[in-house]
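Shown next, in structure tokens, is the structure this report addresses.
The values are calculated or read from the model by the stated rules, or taken from the named source; none is laboratory data. Fair warning: this is a prediction, and the values are worked out from it, not measured in the lab. In this analysis, Cβ positions are derived from the backbone assuming ideal geometry, glycine residues included, and neighbour counts consider all displayed protein chains. Accessible surface areas use protein heavy atoms only, side chains included; no ligands, DNA or RNA. Shrake-Rupley method; radii C 1.70, N 1.55, O 1.52, S 1.80 Å.
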Protein chains: 4
Amino acid sequence: MNKLKQAVWQANLALVDHGLVVLTWGNVSAVDRKRGVIVIKPSGVAYDAMRPEDMVVTDLDGTVVEGKLRPSSDLPTHVALYRAWKEIGGVVHTHSMYATSFAQACRGIPCLGTTHADHFYGEVPCTRVLRRAEVEKDYEANTGKVIVERLAGTLALQMPAAVVANHGPFAWGKDAADAVHNAVALEQVAQMAINARQINPAVKAIPAYILDKHYLRKHGATAYYGQK
Amino acid sequence: MNKLKQAVWQANLALVDHGLVVLTWGNVSAVDRKRGVIVIKPSGVAYDAMRPEDMVVTDLDGTVVEGKLRPSSDLPTHVALYRAWKEIGGVVHTHSMYATSFAQACRGIPCLGTTHADHFYGEVPCTRVLRRAEVEKDYEANTGKVIVERLAGTLALQMPAAVVANHGPFAWGKDAADAVHNAVALEQVAQMAINARQINPAVKAIPAYILDKHYLRKHGATAYYGQK
Amino acid sequence: MNKLKQAVWQANLALVDHGLVVLTWGNVSAVDRKRGVIVIKPSGVAYDAMRPEDMVVTDLDGTVVEGKLRPSSDLPTHVALYRAWKEIGGVVHTHSMYATSFAQACRGIPCLGTTHADHFYGEVPCTRVLRRAEVEKDYEANTGKVIVERLAGTLALQMPAAVVANHGPFAWGKDAADAVHNAVALEQVAQMAINARQINPAVKAIPAYILDKHYLRKHGATAYYGQK
Amino acid sequence: MNKLKQAVWQANLALVDHGLVVLTWGNVSAVDRKRGVIVIKPSGVAYDAMRPEDMVVTDLDGTVVEGKLRPSSDLPTHVALYRAWKEIGGVVHTHSMYATSFAQACRGIPCLGTTHADHFYGEVPCTRVLRRAEVEKDYEANTGKVIVERLAGTLALQMPAAVVANHGPFAWGKDAADAVHNAVALEQVAQMAINARQINPAVKAIPAYILDKHYLRKHGATAYYGQK
């Protein structure tokens, strides 16, 4: 458990190092499905004061089983994603500048280049706006619900991020570090997409054969990027 | 008193750490209503040379009662805000990039997402342009006057910031640190609003039920964000 | 002389600290009119390797009188400004991002707010494009010539900067540190002006009475900003 | 060989210091034509963990001759450039924000000012989009091919960069450090070009006589910028 707390703590600090977090606006969690636990950042705690032992442990329903602090208020969103997708091991939520701007614009992030294609297999989707009843009751769980609904028919690890309309980005991955990696990439491609459209308003999504090439050379069965 | 000087000094340095201040363009004050004193940054002093004991102490009319340096030239604006709103304890003024850009555009900052709704209960208002007579005499006090005038009918702690037309942002809060917190949030949401409108020029303010939910989960009687 | 070299060296490093310089794209000089010398940064030397004793000393015609390194290739521009305006003591040239963008757009930087008015008494002018003959012969001196020509009828210390069409900004001041201060302010107001126009394309220059108030409270005979 | 590994390692770290690299998205190589070897960054290795001895050595066909790690997956692009242009000694590839945005917009970077003219002798070209067959087989080599094709008739050291459509920038130079220098300049002029067009949508390329002057004063037979 201490190892998982350490990993989640480091992943939360990595968000700060990558400039994705202002004040306390971000959280990372990870799941250990064998033990049936989620480890998540405590709510509203300053990053520089946070220690590995401050991480909160819950069961897969989000009930706290260890830790003196409250879990992040976004915990029910994390829970919803872990329950929907058995293949993911870490979830990140931030209010990072450019991905959040797409969320506020209620627009997905178009795939305009290979930086995007290296990480996301197509346009990063934007959810629908939550309905009044979904906001007033079980808001955070419903935030997870609309993400899962929007990703229907897509492999979660092939599209490891979405932006929630009017809110901001969530990203996920094999584990906490991978989820952070995807959140970092998401922020970059969001900013690049704004710029590219400013330079050329008629710009279109990249050809499918380039998307396939880039996504698959990093993630396919015959990947040849990186070591081993 | 030393405690309040220390808090105001730290809040001024926090402005720099958060990237809201270039050169000496910013100031923070705090009030101790029991003692009837305001503590404020001295005028035009470099942040890295500034010590807690350099903070200037005035009475609630802005008359210096302690300190060898001149107070910030914006002191009369701070005084006007403290006199108008008994519930606030700290005031911040900066020329931070994006909030100042809205001020220069003579436009309020629209509430396009939950980052905004977490801190400001609706559009952050822009004051009217000051009239010639208001500028030529008691300019700084009149700057406070148009802010108070613009906020009429609004709870100051529910809308803890405004941008002054042609000038820049002021933010406030329960104390100096809270005012800084709001100034940081303001700068972020200002930049996000520019981006969101660039992505989707037709973007509208978020639904009222989302604004209510976010503002109230952090600030309402039944707030559940953060610890305790 | 060592004192002036030290001041020029520090001013050059301050450009880097303020983020105005990439690679070696910037230079600061200062003049000592009593001794009849200019001290300027050497050409194309890395900032972190530069020492005070590397500064180059020239006479008021730009002829090197001390130092083993070549002076900045922009020296003749600095010389032209010192000769035209007896009241200035320091000159800065950078390729800072936003001021240079205005130069490349062949546009002056409009006065849209008090941040601008605190430093520049109206729109920061853009020079005309240099003619072929002016470029092919005595290019750097002619760069100074078009700046001086453009400022005709203006007090150099009331408008302590200009952007050279297709090129970039020059700023000046009472001494090297003051020139750097103005270069920093210039970069900020350039970026703010782009943003403000994006927010409100119809934005206009601030009213003259606000310009007067801000400029004069910092620079007029009855200035009351800062200490003493 | 150790000297070249050291130089390539330092050049890779310089990319990070200049803010051109996020995560592991960048690589630098250098060639020693006498020994017939290329030294290049290993693939997908974190910059802060990388040591000079981790650099991979290949022959001029890109076959690894020394090193335990896999070379950057972009190696075949580097090889294609070294084979086409005997005068270059270093190659850089990044996904830097603004140059990549032009690549994603499928647009060259126009020469709008002297910052650009100091480094690139005219518009930095954008390649055509690679065809399906070029992507599916020998993709990285074909990326080099379209760059070389696009530069046909141009001296590689007079136009030491190009952006690959839908992908990102490549830059080159006399050696690894010079290639990094050009990649840094490219990113700056890309951002300036976006800004300049926002300020003045009608902005045109600079006059040929200014381009000639600036390019040649730094790179011509009678260059007079820098030391000696």
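Which of the residues that make up the range D:209-218 are of a type in the set (A, V, I, L, M, F, W, C) and within 9 Å of another protein chain (Cβ to nearest Cβ)? Within the range D:209-218, D:I210 is the sole residue that qualifies.
Among the residues here, A:T77 does not qualify as open to solvent by 20 Å² or more (accessible area, probe 1.4 Å), closer than 18 Å to A:A183 by Cα and either part of a loop (DSSP other than H, G, I, E, B) or in contact with an Asp or Glu (Cβ under 6 Å, 6 or more places away or on another chain) (or both). Only helices (runs of 4 or more DSSP H) whose full extent lies in the range A:105-155 are considered here, and the ones with at least 1 residues that are modelled with pLDDT of 95 or more and under 22 Å from D:S101 (Cβ atoms) are A:114-117.
When you check D:K228 against the structure, is it within 14 Å of chain C (Cβ to nearest Cβ), surrounded by fewer than 20 Cβ atoms within 10 Å (Cβ to Cβ), at positive phi and at pLDDT below 95, yes or no? So D:K228 fits the description; yes. If you go through the range B:6-38 and pick out every residue that is outside any helix (DSSP H, G or I) and within 24 Å of C:K218 (Cβ to Cβ), you end up with 12.
D:A99 falls short on exactly one of the conditions (1) within 14 Å of chain A (Cβ to nearest Cβ); (2) assigned to a helix (DSSP H, G or I); (3) surrounded by 23 or more Cβ atoms within 10 Å (Cβ to Cβ); (4) more than 11 Å from the chain's Cα centre (by Cα), and that condition is (4).
Taken over the range A:187-221, residues that are under 22 Å from D:S73 (Cβ atoms) and hydrophobic (A, V, I, L, M, F, W, C) amount to 8. Among the conditions (1) within 17 Å of A:P207 (Cβ to Cβ); (2) open to solvent by 10 Å² or more (accessible area, probe 1.4 Å); (3) more than 8 Å from every other protein chain (Cβ to nearest Cβ), the only one that D:C106 does not satisfy is (3).
Contact map, the range C:38-57: residues that are closer than 23 Å to C:Y82 by Cα paired with residues that are among the acidic types (D, E), Cβ distance under 6 Å, separation 6+ or inter-chain. Pairs shown: C:P42/C:D54; C:V57/C:E66. The single condition among (1) within 13 Å of another protein chain (Cβ to nearest Cβ); (2) touching a residue at least 60 places away in the same chain (Cβ under 8 Å); (3) open to solvent by 20 Å² or more (accessible area, probe 1.4 Å) that A:T115 does not satisfy is (3). Filtered by the rule that a residue be surrounded by 14 or more Cβ atoms within 10 Å (Cβ to Cβ) and of a type in the set (G, A, S), the range A:49-74 gives A:G62, A:G67, A:S72, A:S73. Among residues of the range A:156-166 being part of a loop (DSSP other than H, G, I, E, B) and of a type outside the set (G, A, S), the one that is surrounded by the fewest Cβ atoms within 10 Å (Cβ to Cβ) is A:Q158. A:T24 falls short on exactly one of the conditions (1) in contact with a Leu (Cβ under 9 Å, 6 or more places away or on another chain); (2) open to solvent by 20 Å² or more (accessible area, probe 1.4 Å); (3) closer than 29 Å to B:Q191 by Cβ, and that condition is (1).
What about C:K34, is it modelled with pLDDT of 95 or more and surrounded by fewer than 16 Cβ atoms within 10 Å (Cβ to Cβ)? Spelling it out, C:K34 is indeed modelled with pLDDT of 95 or more and surrounded by fewer than 16 Cβ atoms within 10 Å (Cβ to Cβ). So, of the residues in the range A:122-154 that are open to solvent by 60 Å² or more (accessible area, probe 1.4 Å) and in contact (Cβ under 8 Å) with a residue 60 or more places away in the chain, which turns out to be nearest to A:P71 (Cα to Cα)? Among residues in the range A:122-154 that are open to solvent by 60 Å² or more (accessible area, probe 1.4 Å) and in contact (Cβ under 8 Å) with a residue 60 or more places away in the chain, the one nearest to A:P71 (Cα to Cα) is A:D138. When you scan the range B:182-205, how many residues do you find that are at the interface with chain A (Cβ under 7 Å from one of its Cβ atoms), open to solvent by 20 Å² or more (accessible area, probe 1.4 Å) and part of a helix (DSSP H, G or I)? Residues meeting the conditions: 4. For the range D:167-181, the condition of being out of contact with any strand residue (DSSP E or B) (no Cβ under 6 Å at 6 or more places or on another chain) and either buried (at least 24 other Cβ atoms within 10 Å of the Cβ) or within 28 Å of A:P201 (Cβ to Cβ) (or both) holds for at least one residue.
Of the candidates B:G90, B:G62, the single residue that is more than 13 Å from every other protein chain (Cβ to nearest Cβ) and at positive phi is B:G62.
Test C:V92 against the stated conditions and say whether it is part of a strand (DSSP E or B), under 30 Å from B:H93 (Cβ atoms) and at pLDDT 95 or above. Against the criterion (part of a strand (DSSP E or B), under 30 Å from B:H93 (Cβ atoms) and at pLDDT 95 or above), C:V92 qualifies.
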